[in-house]
There are 2 protein chains.
Amino acid sequence: METTTPPRPGLREMKKRRTHDELLRAAVHLFTSQGYERTTVDEIAEAVDVSQRTFFRYFAGKEEAALALEGITVGRFVEGVRARPAHEAPMEALRQAVLEGWSSLSEAIESIASVEQYLRMYRVIESTPVLLAAHLRRSAETEEAIARVLAEREGLDMDADPRPRLAVAVFGAVMRVTERQWITGEDYSLEGMRELTSRYLDQVGPALLGGWRTGT
Amino acid sequence: METTTPPRPGLREMKKRRTHDELLRAAVHLFTSQGYERTTVDEIAEAVDVSQRTFFRYFAGKEEAALALEGITVGRFVEGVRARPAHEAPMEALRQAVLEGWSSLSEAIESIASVEQYLRMYRVIESTPVLLAAHLRRSAETEEAIARVLAEREGLDMDADPRPRLAVAVFGAVMRVTERQWITGEDYSLEGMRELTSRYLDQVGPALLGGWRTGT
DNA sequence: GAGGCTAATGACAGCCACTGACAGTTGACA
DNA sequence: TGTCAACTGTCAGTGGCTGTCATTAGCCTC
């Protein structure tokens, strides 16, 4: 009984995971180096030596492969919100979960890509209309999931009270503005992203109050 | 000089407009009656007795035809914001422009469809993933345009001050939540939409403050 | 460790959205 | 009325995506 494998991954599972990761890596590499539109599914499949049909068995479509990396971090974010202490106010819980997410981004995706590749893929998404569209739709789904988490935390009925959805929608809106700013700017460091996120969240109140001309 | 036509529409222009409108009408009719995915471009073209190629000369794609009706009202909304008196605070200007938009919806689309068809088309968009994605992307573009209008009104530099984008993003978020609620609910009247819009906008402040458990 | 079961894959055919190229038709305008 | 340019139809082709079916290859049992 030396070096046992308790949960028994199984050779089949291993291979499947390997194929999936290789396809994803190849897709990210091709998308970031030559663009999303100029990359065909056949190309990705060929890079991993599988048939095009197999690609579609691992990913629902080309889009899904392009958004899979981001999907990993989004999933972690949702879990992060769920794990926040119950005494935190909703917006504060969201804020902390996002900041933690940025901090642990590197470990979350290391089996697939580097942080730099993640950022480059993000740029591709933001600059490719069809990908941006899909990204926004998925963000909407994520917001719905998080609204459920908040409603549960606060013991509210989401169908009767719009505040959970409103708070999450506002938060999501700020995140989108932040992401855009972050891509447009020069600072690609995770610390820079954390700082920008905090700053913009603090500006929501002032932005809603009007009287912009007298402020800053 | 009896019954002159000053700007001279021209027979060609007339025919073009006619083809465009007929294609749009046919598309809306087919999408709302049998669904977006189950409608092919050939079907739409055939309903108007033009070739598939011609359809693509009038619409960049199937999606554009599905979103064109909504696009008319969105364009009017942007103009509405631009036309609001300069003394209004940003959020107030947005609110008034939207409410006015609902009120004049009927006249805006009458050459193409009825209000009921507009609502049904909206449901199709909301329930078809690819259309919802495209819709959200276009909304993002609209928000950018409106942020520019607000920044100009207030004499701000959008690249230095995030408040115009933040305010518009928050407003857009509320609108999306409202639209969803409105589609889920039973009340399809324009008056009901106006009322819901007002109510949700009033809730943004409370939603951000937390302490949900003590309030209503 | 041979054979059966089943999941994973490849190969093939086909649908549909969309595009480029070219030729035919029809308003516009001198 | 004839010329020009815009509009359209036809055809061929690309690429994303799906259904089907035969083949391969882990897995499990006896």
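Candidate cross-link partners of B:Lys15 among the lysines, defined by an alpha-carbon separation under 29 Å and a same-chain spacing of 8 or more, comprise B:Lys62.
Place a point 7 Å from Cα of B:Ala86 in the direction of its Cβ. Which residues in the range B:140-158 have their backbone N less than 14 Å from it? Inside the label zone: B:150-156.
Histogrammed with a bin width of 5 Å, the alpha carbon distances of the range B:157-216 distribute as 4, 15, 21, 19, 17, 13, 7, 3, 1 percent, first bin at zero. For chain B, the longest principal axis of the alpha carbon atoms and the long axis of helix B:90-103 meet at an angle near 40°.
Peptide A:201-208 is shielded by partner chain Cβ atoms: per residue, an average of 6 of them sit within 10 Å of its Cβ.
Of all GluC sites (Glu not before Pro) in the range A:1-97, which ones are in loop regions per DSSP and have a Cβ with at most 10 other Cβ atoms within 10 Å? Walk me through the numbers on the way to the answer.
Numbers: sites: A:Glu2, A:Glu13, A:Glu22, A:Glu37, A:Glu43, A:Glu46, A:Glu63, A:Glu64, A:Glu70, A:Glu79, A:Glu88, A:Glu92; in loops: A:Glu2, A:Glu37, A:Glu88.
Answer by residue number: A:Glu2.
Placing +1 on the Cβ of every Lys and Arg and -1 on the Cβ of every Asp and Glu, with nothing else charged, gives the range B:1-116 a dipole about its Cα centre of roughly 440 debye.
A dipole drawn for the protein assembly as shown from +1 and -1 charges on Cβ atoms has a positive end, and of A:Pro85, B:Ile146, A:Thr73 the residue lying farthest that way is A:Thr73.
Before anything else, pin down the relative contact order of the range B:52-145: Cα pairs under 8 Å, at least 6 apart, normalised by residue count, whole percent.
That works out to 34 percent.
Each residue, A:Asp157 and A:Leu99, gets one label point 7 Å from its Cα in the Cβ direction; the gap between the two is 3.6 nm. Magnitude of the charge dipole for the protein assembly as shown, about its Cα centre and with charges confined to Cβ atoms of Lys, Arg (+1) and Asp, Glu (-1), is about 460 debye.
Subtracting the Cα-Cα distance of A:Ser189 and A:Gln34 from their residue separation scaled by 0.36 nm leaves 53.4 nm.
With Rh defined as the Kirkwood radius, the inverse of the mean 1/r over Cα pairs, the Rg/Rh of the range A:59-216 is 0.97.
How would the range B:1-142 be classified by its alpha-carbon gyration tensor: rounded, prolate or oblate, with rounded meaning a/c under 1.5 and the a/b versus b/c comparison settling the rest? Numbers along the way, then the final one.
Values: a/c = 2.22, a/b = 1.19, b/c = 1.87.
Here the range B:1-142 falls in the oblate category.
All distinct Cα pairs of the range A:48-92 go into the 1/r average, and the inverse of that average, the Kirkwood radius, is 13.1 Å.
Each part reduced to its alpha carbon centroid, the range A:180-216 and the range B:11-30 end up 45 Å apart. The smallest convex shape that holds all Cα atoms of the protein assembly as shown, its convex hull, gives 204 Å³ per residue.
Taking 19 Å as the cut-off, the amide N atoms of the range B:13-53 that come nearer than this to a point 7 Å along the Cα-to-beta-carbon line of B:Glu110 belong to B:18, B:21-22, B:25. Rounded to the nearest 20, the Cβ-based charge dipole of chain B about its Cα centre (Lys and Arg +1, Asp and Glu -1) stands at 300 debye.
Given Cα pairs under 8 Å that are at least 6 residues apart, what percent is the relative contact order of chain B? Show your work: numbers first, answer last.
Working: 145 pairs, mean separation 39.5, N = 216.
So the answer I get is 18 percent.
Computed over neighbours whose Cβ is under 12 Å from that of B:Ala45, the net charge equals -2, Lys and Arg +1, Asp and Glu -1. Neighbour counts of other Cβ atoms within 10 Å put B:Lys62, A:Lys16 in the fewest-to-most order A:Lys16, B:Lys62. Give me the distance between the Cα centres of the range B:145-177 and the range A:139-168, rounded to whole Å. Each part reduced to its Cα centre gives a spacing of 24 Å. Note on the range A:45-101 and the range B:96-128: Cα centroid distance 35 Å, given to the nearest whole angstrom.
Over every Cα atom in the range A:134-179, the radius of gyration and the widest Cα-Cα span, Dmax, amount to 10.8, 32 Å.
Quick note: the coordinates plus some simple rules give every number you see, no bench work behind them. Everything numeric in this text was worked out from a predicted model, so none of it was measured. Here the Cβ is made from the backbone with ideal geometry for all residues, glycine too, and neighbour counts use every protein chain on show.
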